[in-house]
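Novice: Got a structure for you, questions after.
The values are calculated or read from the model by the stated rules, or taken from the named source; none is laboratory data. Values in this document were obtained by computation on a predicted structure and should not be read as measured data. Quick reminder, even Gly has a Cβ in these numbers, built from the backbone with ideal geometry, and neighbours come from all protein chains shown.
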Amino acid sequence: MTIARALTALALTAAATPAGAADYVVIRKEILVERPADAVWQRVGDYCAIGEWLKLKCELVSGTGDVGSVRRLNDTTLEPMIARTGHSYSYGQTAGGMAGFAYNGTLAVEPVDAARSKIVYTLIYDAALMPSDAVRKAQFERIGPRFQGAIETMKALAEAGK
């Protein structure tokens, strides 16, 4: 899939829901890390570092890890990077289990002081696009603990470098 097609698919997914009918769910996970932001980002901020801290296969199928790059997770999920700063990136999902629900995520490392930082992982999706309350509940109960585990793993990886 080309970058243009991936980004077009993302835009079409987001545009498919009338604004009044959307039911956006925001899941925000954060954790304090006893390391400076630069050191934490260097350890966990690579676009395919997700493979290590979520324990899945990740490969860049397009780009070099900057805006417009597309990563493939476990051979089925495509996520183009849509924004990046010095200590963050945002992505959407154009193929995979959450692609039909306007799923997007942002990983960021924020400085607290010279020696500490905070990892913040924010996810958003449109629950109105899900077929039932049971699916909405199951997805919410799956995502929250999974990404709590991810930020705990990132913290351990970053602090191990002390």
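Novice: State all residues of region 51-95 that are within 28 Å of Arg35 (Cβ to Cβ), assigned to a loop (DSSP other than H, G, I, E, B) and not aliphatic (A, V, I, L, M); if no residue qualifies, say none.
Specialist: The answer is Lys55, Lys57, Gly63, Thr64, Gly65, Asp66, Ser69, Gly86, His87.
Novice: Here are some residues: Ala158, Ala102. Which one is in contact (Cβ under 8 Å) with a residue 60 or more places away in the chain, touching a strand residue (DSSP E or B) at 6+ places or on another chain (Cβ under 8 Å) and farther than 20 Å from Ile27 by Cα?
Specialist: Ala158
Novice: Same structure again: Can you find even one residue in region 90-110 that is more than 18 Å from Leu157 (Cα to Cα), charged (D, E, K, R) and modelled with pLDDT of 95 or more?
Specialist: no
Novice: Hey, can you tell me all the residues within region 111-135 that are in a helix (DSSP H, G or I) and either within 15 Å of Met154 (Cβ to Cβ) or under 22 Å from the mean Cα position of the chain (by Cα) (or both)?
Specialist: Ala127, Ala128, Leu129, Val135
Novice: Mind checking whether some residue in region 109-125 is of a type in the set (D, E, K, R) and touching an Asp or Glu at 6+ places or on another chain (Cβ under 8 Å)?
Specialist: Scanning region 109-125, I find at least one residue that is of a type in the set (D, E, K, R) and touching an Asp or Glu at 6+ places or on another chain (Cβ under 8 Å), so the answer is yes.
Novice: For Arg142, all conditions in the list (1) under 30 Å from Leu32 (Cβ atoms); (2) assigned to a helix (DSSP H, G or I); (3) among the charged types (D, E, K, R); (4) over 15 Å from the mean Cα position of the chain (by Cα) hold save one; what is the number of the exception?
Specialist: Failed condition: (4).
Novice: How many residues does region 11-50 contain that are at pLDDT 95 or above, under 20 Å from Thr122 (Cβ atoms) and not in a loop (DSSP other than H, G, I, E, B)?
Specialist: Adding up the residues that qualify gives 16.
Novice: Given the options Thr153, Thr106, name the one that is of a type in the set (S, T, N, Q) and either assigned to a helix (DSSP H, G or I) or buried (at least 19 other Cβ atoms within 10 Å of the Cβ) (or both).
Specialist: Thr153 is the lone residue from the list that is of a type in the set (S, T, N, Q) and either assigned to a helix (DSSP H, G or I) or buried (at least 19 other Cβ atoms within 10 Å of the Cβ) (or both).
Novice: If you don't mind, there's one more thing I want to ask. Residues being of a type outside the set (Ser, Thr, Tyr), over 16 Å from Ile124 (Cα atoms) and surrounded by fewer than 17 Cβ atoms within 10 Å (Cβ to Cβ): count how many of those fall in region 66-94.
Specialist: 6
Novice: Ok, one more. Which pairs do you get when a residue that is closer than 12 Å to Glu159 by Cα, found in region 36-51, comes within reach of a residue that is of a type in the set (Ser, Thr, Tyr), reach meaning Cβ atoms under 7 angstrom, with the pair 6+ apart or on two chains?
Specialist: Pro36/Ser117; Ala37/Ser117; Val40/Ser117
Novice: Residues that are closer than 16 Å to Arg28 by Cβ and charged (D, E, K, R): does region 114-123 have at least one?
Specialist: Within region 114-123, one or more residues are closer than 16 Å to Arg28 by Cβ and charged (D, E, K, R).
Novice: On the basis of being out of contact with any strand residue (DSSP E or B) (no Cβ under 6 Å at 6 or more places or on another chain), among the acidic types (Asp, Glu) and either modelled with pLDDT of 95 or more or over 22 Å from Arg142 (Cβ atoms) (or both), does Glu79 make the cut?
Specialist: No: the conditions fail for Glu79.
Novice: Considering only region 68-84, state which residues are of a type outside the set (D, E, K, R), out of contact with any Gly (no Cβ under 6 Å at 6 or more places or on another chain) and closer than 12 Å to Asp46 by Cα.
Specialist: Residue satisfying the conditions is Met81 alone.
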